[in-house]
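Peer 1: Before anything else, here's the structure in question.
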Amino acid sequence: MTSTFTEARHAVPPPDFDETSRQVSITAEERLIGIKTKCYFDRTLKRTTPWLIKNAQIRILLPTVAPGPRETDALAPPLPPPSRVISTDALDKESISPLLGSVMFTFKRIEDKLADFSGRSYDLFRNIWGINNSYHQWSYEENQHSDALALILERTGHLTQAALQEDYYTSLVRTWEPPFATARQMVLYAAFQEQLTSLSYRALARRALEEGAPTAADIMTLIAQDEAYHGGGYRAFSRIYAECDLAGTIADALHVGTNFRMPAQHLMRDLKRNSVEIVRVGAFSKELVSEETIYRVLKGFGFVPEPAARQAADQYWK
């Protein structure tokens, strides 16, 4: 059987080397935004990886090397001291509740859509130089979030490595697609999404502390800080769009804000049960969405009129 298969496979000669290329159109706006965002990325947003997870150890290299995009935030957790190691052996001695474990698993499944988040973004922002560059850094940093959650779930006895590997591919068969059509709308969307994700991970850190799992809380705080940093970058990119088209960017910001949903929430294992669990651990609430995300981000852009931001937040749940 093997011989027959091999013969059949080689019956048709492989195609020659293909050097096909195609011409693309690059708009004046893409060029302008691309150069402006490239300058911002190189000057401010680009940074050394703040932490690295390898061989079940997490080494914190630098708290941050570009504080500007993170922006002053009274609710932000304090930055850890540089150059320290989180000994994940301590996780073997920690216990988290089935509820918190289930929520972390749900968050991991969302993080596991990174192949789609990154892939769609590279294509959408191909012609926008700085934002395209930033997604390479963003993807590398985001890639560790799933690994960190997996480490907690495995070390605290919630899931085996084999089960996590199996679930990764089970989840991968359904794609995530961008919820908005244009590059500008997706930059604005990312600003909202990163803000709420940061708040959610802070809530998981608090819950882990309450359950007597400080190492798990430490790891959740690292992820929350990444998300806050990324959100600052997308707010800055949004302001660059506003410099080029104020009215259009305001309109898009309000449209995205009033139609905001978290990415891949519709792809959860059990939408109703998982949603209730996330609320129970404090990682999602009406207040977190309308006030701490919709209103705070719209107002934080600096170009959306305050009354419009206030109205969008007030009307969100209606």
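Please treat every number below as a calculation from the coordinates, not as lab data. Bear in mind the structure is a predicted one, so any value in this text is a computation, not a measurement. Note: ideal-geometry Cβ built from the backbone for every residue, glycine included; neighbour counts use all protein chains shown.
Peer 1: Express in % the proportion of alpha carbon pairs of region 144-197 at distances exceeding 19 Å.
Peer 2: Working: 726 of 1431 pairs.
It works out to 51 percent of all Cα pairs.
Peer 1: I would also like to ask the following. Could you pull out which residues in region 129-167 have an amide N less than 16 Å from a spot 7 Å beyond the Cα of Cys244, following the Cα-Cβ vector?
Peer 2: Under cut-off, by backbone N: 129-135.
Peer 1: Also, I was wondering about something else. If I histogram all Cα-Cα distances within region 99-164 using bins 5 Å wide from 0, what percent of pairs lands in each bin?
Peer 2: Taking every Cα pair in region 99-164, the percentages come to 4, 17, 24, 18, 13, 11, 8, 5, 1, 0.
Peer 1: Still on this structure: Suppose a student asked you for the relative contact order of region 40-315, using Cα pairs under 8 Å spaced at least 6 residues apart; what percent would you report?
Peer 2: 22 percent
Peer 1: Kindly state, as a whole number, the per residue volume in cubic angstrom of the convex hull around the alpha carbon atoms of region 171-318.
Peer 2: 117 Å³
Peer 1: Compute the normalised compactness of region 116-238: alpha-carbon radius of gyration over 2.2 N^0.38 Å, N being the residue count.
Peer 2: Numbers: Rg = 15.9 Å, N = 123, 2.2 N^0.38 = 13.7 Å.
For region 116-238, the normalised Cα radius of gyration comes out at 1.16.
Peer 1: Also, I was wondering about something else. On each of the three principal axes of the Cα atoms of region 40-315, give max minus min coordinate, whole Å, ordered largest first.
Peer 2: Result, largest extent first: 54, 40, 37 Å.
Peer 1: In addition: Packing-wise, with mean Cβ within 10 Å as the measure, how do 253-261, 42-50, 234-242 rank, highest first?
Peer 2: Numbers: 253-261: 19.1, 42-50: 14.8, 234-242: 22.9.
Answer by packing, highest mean first, reads 234-242, 253-261, 42-50.
Peer 1: Using a 10 Å cut-off on Cβ atoms, rank the peptides 15-21, 33-39 from the highest mean neighbour count down.
Peer 2: The densest-packed peptide leads the list: 33-39, 15-21.
Peer 1: Here is a further query. Where does each of 103-109, 170-176, 311-317 land if you order them by average Cβ count within 10 Å, highest first?
Peer 2: On the way: 103-109: 23.0, 170-176: 12.6, 311-317: 15.7.
Ranked from most to least packed, the peptides come out as 103-109, 311-317, 170-176.
Peer 1: Give me the net charge for the shell around Leu222: Cβ to Cβ below 13 angstrom, other residues only, Lys and Arg +1, Asp and Glu -1.
Peer 2: Surrounding charge for Leu222 is -3.
Peer 1: Based only on other Cβ atoms within 10 Å, what is the fewest-to-most ordering of Val85, Val187?
Peer 2: Listed from fewest to most nearby Cβ atoms, that is Val85, Val187.
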